[in-house]
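Undergrad: My structure is below; once you've seen it, I'll send some questions.
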């Protein structure tokens, strides 16, 4: 897996101050995506254990709320294995810090894929606390929304959604 960028003080992509990893590779290719260069799976730098160590170090301060995974598309099959390893390490070292994931896939689509026994996807989703799902849709763009770009996108409690077998939407627009 390659990654496009890494931010150690991000307040735009999840609640609180976060560490954000922007992975490379995305097949959605949403019109007017803010991160088109990350569509290419070869873009950026190789994601390796040195990057993992940096992320884990950046997560250490108490004021860091957690990790956000963006892209590109974190849930592309090519990215799942490396992110699963990262998320497991984050949850082991920092069990109280949240993991947010931004995906152009809907929760319902992911459940269809999960039903096909995609083990990495199942395990990765179980590590994610908040899933912002759905593709960016230019015609539904709304800069007033919290933590997302278009009104079709939802902020989901991923763990409750998995338990209840349907999307559990959180309202953070107040």
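Undergrad: I'd like the full set of residues that are in a loop (DSSP other than H, G, I, E, B) and surrounded by 13 or more Cβ atoms within 10 Å (Cβ to Cβ), limited to the stretch 28-54.
TA: 28, 30, 33, 35, 40, 41, 43, 44, 47
Undergrad: What number of residues within the stretch 83-139 are in contact with a strand residue (DSSP E or B) (Cβ under 9 Å, 6 or more places away or on another chain) and in a helix (DSSP H, G or I)?
TA: So the answer is 14.
Undergrad: Still on this structure, I have one more. With surrounded by fewer than 21 Cβ atoms within 10 Å (Cβ to Cβ) and in contact (Cβ under 8 Å) with a residue 60 or more places away in the chain as the only criterion, which of 129, 112 stands out?
TA: Result of the check over 129, 112: 129.
Undergrad: Also, I was wondering about something else. Please go through the stretch 55-72 and pick out each residue that is over 14 Å from residue 83 (Cα atoms) and either in a strand (DSSP E or B) or within 18 Å of the chain's Cα centre (by Cα) (or both).
TA: 58, 59, 64, 65, 66
Undergrad: I'm checking my understanding of the structure. Among residues of the stretch 136-165 that are touching a residue at least 24 places away in the same chain (Cβ under 8 Å) and in contact with a helix residue (DSSP H, G or I) (Cβ under 8 Å, 6 or more places away or on another chain), which one is farthest from residue 103 (Cα to Cα)?
TA: Among residues in the stretch 136-165 that are touching a residue at least 24 places away in the same chain (Cβ under 8 Å) and in contact with a helix residue (DSSP H, G or I) (Cβ under 8 Å, 6 or more places away or on another chain), the one farthest from residue 103 (Cα to Cα) is 165.
Undergrad: Right, next: Test residue 78 against the criterion of being over 16 Å from residue 16 (Cβ atoms) and either outside any helix (DSSP H, G or I) or over 15 Å from the mean Cα position of the chain (by Cα) (or both), and give yes or no.
TA: The answer is no for residue 78.
Quick note: the coordinates plus some simple rules give every number you see, no bench work behind them. Given the structure is predicted, the values throughout are model-derived calculations rather than measurements. Note: ideal-geometry Cβ built from the backbone for every residue, glycine included; neighbour counts use all protein chains shown.
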